[in-house]
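Worksheet: one structure, shown below.
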Amino acid sequence: MASAARSTAGSRGGGRITLTLCALTAAAAVIEMVAGTRPAYARAFAPQWVPVAAAIVSAAGVAGWGARRPWGRVGRALVWSGLLLMIWAANGLPLDALRLTPLMPPGIDWLGMATRALAAASAVMLARLALARPVGPPATKPAAWYGYAAFVLALPYPVFRTAWAFGATLGLDWSGAAGRGWEPWLASTPWQFAAALSLLLVPLWRNAPRRPLLAAGWFATLVVAMFAPAALWTVLNRLIAGADLGLKGIHPWVALLFYGSWFLWGILAAAATRSYQLRFPPPSAPGGV
């Protein structure tokens, strides 16, 4: 009883903090829009309406999180949707950090960086709320398809890079347009690891080390989530506008395939990691996280 009371109190406190961060994120985004000082490098990030939409969706989800059915399910769906939007709104924050160093050209989007930092903090609190949800006993048939789907989505980049290294011209105007030799192929190494990780996250391998696997799954998901949405949004905008993508000799559909698969991989990898986490809880917390 006491433990349940502490959990409820902690959940309420976390909910208040999350709502405050959502309000601050929306306010910072509105100030940024009114100021109109967004530099050119930041225009490739999430549109300025995304933080506001993320704050509204997230706040609605937090408000309905503990409600009874069916509103509780709606609240959970809104929290997860708000989390995805907040991660998108935080895209570009690593580049902001790099611009604080001599490694990047001068000029910092201070208002945008504040919005993205608040969105990142909001995403952390939303993830904490979503992942802390109590769960029932493990399912008799684990949801293995998340990992398999993530595996398929991790393949396009290394498959194309491998084919190009052997001289294939699929998606290219001429052989070697994507680089010559095996050096360009090495760029696909992270996605080869992502494909292997996806299969390991299929909740069927009981002998896999739990903690390193979960750490790798959540870390990879976070890394991809910090750049894939913004990259996909930029490509879609340029294709719709009929603008040049700047990829000499590479067909535009190839970029759409790559960035689209990365974006979807981030979602499926998170689902696969979460599924694995729920079905193989630590021994000290049977049926929990």
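The values are calculated or read from the model by the stated rules, or taken from the named source; none is laboratory data. A quick note: this is a predicted structure, and the numbers were derived from the prediction, not measured. Every residue, glycine as well, gets a Cβ built from its backbone with ideal geometry; the counts of neighbours run over all protein chains shown.
Look at Thr25 and say whether it is in contact (Cβ under 8 Å) with a residue 40 or more places away in the chain, of a type in the set (Val, Ile, Thr) and surrounded by 18 or more Cβ atoms within 10 Å (Cβ to Cβ).
So Thr25 fits the description; yes.
For region 194-226, name all the residues that are crowded, with 18+ Cβ neighbours inside 10 Å and of a type outside the set (A, V, I, L, M).
Scanning region 194-226 gives Ser198, Pro203, Gly217, Thr221.
State yes or no: is Leu247 at negative phi, assigned to a helix (DSSP H, G or I) and more than 15 Å from the chain's Cα centre (by Cα)? Please lay out each step first, then the result.
Working: at negative phi: yes; assigned to a helix (DSSP H, G or I): no; more than 15 Å from the chain's Cα centre (by Cα): yes.
No: the conditions fail for Leu247.
With at pLDDT below 90 and surrounded by fewer than 17 Cβ atoms within 10 Å (Cβ to Cβ) as the only criterion, which of Trp233, Trp253, Trp182 stands out?
Selected residue: Trp182, the only one of Trp233, Trp253, Trp182 that is at pLDDT below 90 and surrounded by fewer than 17 Cβ atoms within 10 Å (Cβ to Cβ).
Looking at region 202-240, which of its residues are assigned to a loop (DSSP other than H, G, I, E, B) and either more than 12 Å from Ala150 (Cα to Cα) or under 17 Å from the mean Cα position of the chain (by Cα) (or both)?
Step one: list which residues in region 202-240 are assigned to a loop (DSSP other than H, G, I, E, B), which gives 202-209, 226-227.
Those that are assigned to a loop (DSSP other than H, G, I, E, B) and either more than 12 Å from Ala150 (Cα to Cα) or under 17 Å from the mean Cα position of the chain (by Cα) (or both): Pro203, Leu204, Trp205, Arg206, Asn207, Ala208, Pro209, Met226, Phe227.
Which pairs have Cβ atoms under 9 Å, sit 6 or more apart or on different chains, and link a residue in region 167-186 that is among the basic types (Lys, Arg) to one that is part of a helix (DSSP H, G or I)?
Arg180/Ala165
Among the hydrophobic types (A, V, I, L, M, F, W, C), modelled with pLDDT of 90 or more and farther than 14 Å from Ile87 by Cβ, is that true of Ala216?
yes
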